[in-house]
Structure formats: C-alpha cells, structure tokens
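> The structure that follows is given in the form of structure tokens.
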Amino acid sequence: MQITIVSGKGGTGKTSLAVSLAMTLENVQLIDADVDEPNCSLFLDLKTKLVAEAKIPIPEINYDLCTLCGKCSSNCEYNALMKVPDQILVFEKMCHGCGLCSKICPENAITEVPRTIGHLYEGKNKEFLFNYGALIVGEELSTPVISQLKQLISKDKPIIVIDSPPGSSCPMVETVIDADYVILVSEPTPFGLSDMKMVVKTLRVLEKKFGVVINKDGVGDEELELYCQKEEIPILLKVPFDLEIAKNYSKGIPFLNVLPGMDSKLKQMIVDIGEALE
Amino acid sequence: MNNLKIAIPVSSKIDNPIMFERFGRANYFCIFDTEDDSTVVVANPAVGARGGAGPRAVEFLSSKQIQSVIVPQLGPNADGALRAAQITIFQGEPIPVKNLIDKWKKDELRKL
C-alpha cells in the first residue's frame, strides 16, 4: 500500500506526519520526495548513503551531420535549443529531457547524453527503509528526480509512506500519481484552506482516494472543517496546536514522541485507510 | 560601409517609444536600419514563452539579420545567446529610441 502525504501550503506538517506515521509501523519504507528541500532525515536516527544519480538526457549536436535547418530549435517546447548562424546552442538547464529533438532531426545529428541533476540516497535500520532524493543546488527540474526516486520503491514492504513536495504542480502530481491513498495535511487557516482546495481539485482529477489530517488544530477558524463536511472529505486525524510539538520539532523529535496516545491514533488511521481502500 | 540593423526592445508601437527595461519579454523590437535611416517595429515572438524568452528572442533577431542590439540588463542565457549569434551588445537606458540611436551614431554607447 502506497500512502502519499501532500499539502497545499508548505509548512503544514507533511514531514512531521510522514515521519511519525512511518515510525509507528514496523516493516515500512519512508520516501522523502520533497527533493527541493528533503528534511525527513533530520528526524531519523540513521545513516544514509548515495545509491544513484538522477539524470536527464540532453541533446548533443554532431556538426558533421547537422545542416543547421533549425527544426530542433523551432520545435523545442522549452526553448532549450537555439539556432544561430553557425551553430545550435543547447541551454542545458532549460532542457526537460523529452527527447523530441533527437527524434525529429532529419539528419540524425542529435544524440542524447545524460546530465546529472540530483542524487538519490538510502538508509536502513532493521526493517525500516528510508530513501530520499536531493536536487542539485541551481537545478530546476524536481520532477525527473522524483520519478527516478520512485524507482527505488520496495516491492517487499507492505506499506510505503511518501512525503510529497508542497503545492499542486508537476512535482506533487508525479509523487501522488501511483499512490493508493493520499493524506492531505492542512492547517485550519484561510491560507491553508485556500491552498488545500487546489490540491483537492488536483486529486479529484487524478481520481485518488484521500482524507485530511488537520494539523495545528485550534488555530484559525472552522472553515476547513466545514469545507470537508460539505465536500464529504473524511477527517482522519487532528493534531493539536501545541508549543511542546514545536519545541521538540526544533530538536528533531516528531510529534509521535511528544503527544501521548499518538502511536495508537496513527495505527488506527492506517486501519481506517485500509478499510477505505477495500 | 555595409548597412547595419540595430534592435531595441520596446513595449509599444507608438512613435519613438522609450526602451523597455526587459529584453526577452519586450512586446516589440524597434529595428533601425542604417541603410536608409528607417525604423520598423516588429512583434517579439518570444514574449509569451514559458521559459527561455531571451534566447528565443535572440534567435528571432538573428533570423532578421540584426548585427547589434541596444539593451537594458540581460540574463545569462540571453547574453550567451547574443554572443553566440555574434550580435554586438550595447548598454542602453530607458530613454526614447531616437535618442539612443543618436547616441549610438556618436559612438557614445558602451559596448558590453
């Protein structure tokens, strides 16, 4: 079962929930797919090692064959290629690695060469498996790093917990696309609700089953809960707004180890999710 | 001396507009031709590009046989593209294009 944790707004508690949830389970894989700023490892007491590089294919022009016809550059969706009088310029960081240029080149003058844009890491502690991806500083394309990170999803673990990037754009979609269930973490503020609505829209387009965890319960207003009632979205759990959670968070201790009874609540949530999927 | 074509980014088609402060995202380019001292205004096809507007604008100017540009600040991609296209770059300022062209004629613009 693949459970992906998303939010609209950043800083609502995806990582806290992902880590807490994974730590209540015994045989589990936790994946931090927030490759722009992976931070699950701050809450985990385990060593990680580099296991792979994330690469995208970028074009290389063979000028023995190139006739400077410009078909590649005029068809590049991302403006990564540009024809000047005596050459085709390749703007590596603009390239999404789609490969169209090499396929449409009438002279077969374009080959694709790999370019490293991120790194993938792994750590283990008994039956707890952890992976994360990290985009290289200065790079822009999170999505291919996430898709390559997902290739590390274990076939042996009964439950995979994935911490998604915030928002509702391509990186988030790539992270949830194969999920069996999506947990949407939101805070009960107008800002939290506004961003959450965009995620709900996205998840409905993707036809995903999902429920909401309200974090920082007690701040803000009741609009979030009223919205969930109206839209018939199940509220799976409420995590209170509590200074002790924040204090421990700053020391790298997730709320699982701060709030009494949280362990059984999270376990019950997994049972509820399992039933919702039946 | 052969004729030269010089492009300046502008935001509107009015007569003698002020240079626009962005290069790749300018709505139009004002093109000055030394052959007959004429100016024409052409739409910039890169204005709506999701990314890479600078290089795409350079590609367009290169196809129009532009030899020089007078520009505001440039991004690294546009700068690299202009140099690769062997287009001479002059530092402009937000004043009417006719004044910029006069300055260029008097060799008062700094070459970048």
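> For residues that are at the interface with chain A (Cβ under 10 Å from one of its Cβ atoms) and aromatic (Phe, Trp, Tyr), tally how many sit in region B:83-107. Walk me through it before giving the result.
To start, the set of residues in region B:83-107 that are at the interface with chain A (Cβ under 10 Å from one of its Cβ atoms) comprises B:83-87.
Those left that are additionally aromatic (Phe, Trp, Tyr): none.
Residues meeting the conditions: 0.
> In this structure, does residue A:106 turn out to be touching a helix residue (DSSP H, G or I) at 6+ places or on another chain (Cβ under 8 Å), within 13 Å of another protein chain (Cβ to nearest Cβ) and surrounded by fewer than 17 Cβ atoms within 10 Å (Cβ to Cβ)?
no
> Return the residues of region A:72-92 that are of a type outside the set (A, V, I, L, M) and in contact with a strand residue (DSSP E or B) (Cβ under 9 Å, 6 or more places away or on another chain); say none if nothing qualifies.
Correct list: A:72, A:73, A:74, A:75, A:76, A:83, A:87, A:91, A:92.
> Which condition does residue A:79 not pass, out of (1) on the phi < 0 side of the Ramachandran plot; (2) assigned to a loop (DSSP other than H, G, I, E, B); (3) surrounded by 23 or more Cβ atoms within 10 Å (Cβ to Cβ), if it passes all the others?
(1)
> Could you give every pair whose Cβ atoms fall below 7 Å, whose first residue belongs to region A:67-90 and is more than 7 Å from every other protein chain (Cβ to nearest Cβ), and whose second residue is among the hydroxyl-bearing types (Ser, Thr, Tyr) and not in a loop (DSSP other than H, G, I, E, B), counting only separations of at least 6 or pairs across chains?
Note: pairs meeting the criteria are A:81/A:73; A:88/A:73.
> Given the structure, is residue B:99 free of Cβ contacts under 8 Å to residues at least 12 places away in the same chain, more than 23 Å from residue A:76 (Cα to Cα) and surrounded by fewer than 18 Cβ atoms within 10 Å (Cβ to Cβ)? Break it down into steps so the answer makes sense when it comes.
Details: free of Cβ contacts under 8 Å to residues at least 12 places away in the same chain: yes; more than 23 Å from residue A:76 (Cα to Cα): yes; surrounded by fewer than 18 Cβ atoms within 10 Å (Cβ to Cβ): yes.
Yes; evaluated as a whole, the condition is true for this residue.
> Can you say whether residue A:276 is small (Gly, Ala, Ser) and surrounded by fewer than 16 Cβ atoms within 10 Å (Cβ to Cβ), as far as the supplied structure shows? Steps first, answer last, please.
Values: small (Gly, Ala, Ser): yes; surrounded by fewer than 16 Cβ atoms within 10 Å (Cβ to Cβ): yes.
Taking the combined requirement at face value, the residue satisfies it.
> A further question follows. Considering every residue within region B:32-53, establish whether at least one is under 17 Å from residue B:102 (Cα atoms), of a type in the set (Phe, Trp, Tyr), crowded, with 20+ Cβ neighbours inside 10 Å and out of contact with any Gly (no Cβ under 8 Å at 6 or more places or on another chain).
Our first condition is that a residue be under 17 Å from residue B:102 (Cα atoms); within region B:32-53, this holds for B:32-40.
With of a type in the set (Phe, Trp, Tyr) added as a condition, the list becomes B:32.
With the extra rule that they be crowded, with 20+ Cβ neighbours inside 10 Å, the set shrinks to B:32.
From what is left, the residues that are out of contact with any Gly (no Cβ under 8 Å at 6 or more places or on another chain) are B:32.
Yes, because at least one residue in region B:32-53 is under 17 Å from residue B:102 (Cα atoms), of a type in the set (Phe, Trp, Tyr), crowded, with 20+ Cβ neighbours inside 10 Å and out of contact with any Gly (no Cβ under 8 Å at 6 or more places or on another chain).
> Report the residue count in region A:28-37 for those that are closer than 16 Å to residue A:139 by Cβ and buried (at least 24 other Cβ atoms within 10 Å of the Cβ). Write out each step before concluding.
Looking only at region A:28-37, we keep the residues that are closer than 16 Å to residue A:139 by Cβ, and these are A:33-37.
Okay, now just the ones that are also buried (at least 24 other Cβ atoms within 10 Å of the Cβ), so A:33-35.
Going through region A:28-37 one residue at a time, the tally reaches 3.
> Here is a further query. Report, by residue number, each residue of region B:55-65 that is more than 9 Å from chain A (Cβ to nearest Cβ) and in contact with a helix residue (DSSP H, G or I) (Cβ under 9 Å, 6 or more places away or on another chain).
Across region B:55-65, the qualifying residues are B:57, B:61.
> Test residue A:113 against the stated conditions and say whether it is within 23 Å of residue B:55 (Cβ to Cβ), aliphatic (A, V, I, L, M) and either within 14 Å of chain B (Cβ to nearest Cβ) or surrounded by fewer than 14 Cβ atoms within 10 Å (Cβ to Cβ) (or both). Please lay out each step first, then the result.
Working: within 23 Å of residue B:55 (Cβ to Cβ): yes; aliphatic (A, V, I, L, M): yes; either within 14 Å of chain B (Cβ to nearest Cβ) or surrounded by fewer than 14 Cβ atoms within 10 Å (Cβ to Cβ) (or both): yes.
For residue A:113, the condition - within 23 Å of residue B:55 (Cβ to Cβ), aliphatic (A, V, I, L, M) and either within 14 Å of chain B (Cβ to nearest Cβ) or surrounded by fewer than 14 Cβ atoms within 10 Å (Cβ to Cβ) (or both) - is met.
> Kindly list, by first and then second residue, each pair from a residue in region B:66-82 that is within 14 Å of another protein chain (Cβ to nearest Cβ) to a residue that is among the aromatic types (Phe, Trp, Tyr) and assigned to a strand (DSSP E or B), limited to pairs with Cβ atoms under 9 Å and residues at least 6 apart or on different chains.
Cβ pairs passing all conditions: B:66/B:29; B:69/B:29; B:69/B:90.
Every number here is computed from the coordinates shown, using simple stated rules; none is lab data. Keep in mind the model is a prediction, meaning the values are calculated, not measured. So basically every Cβ, Gly included, is an ideal-geometry build from the backbone, and we count neighbours across all protein chains shown.
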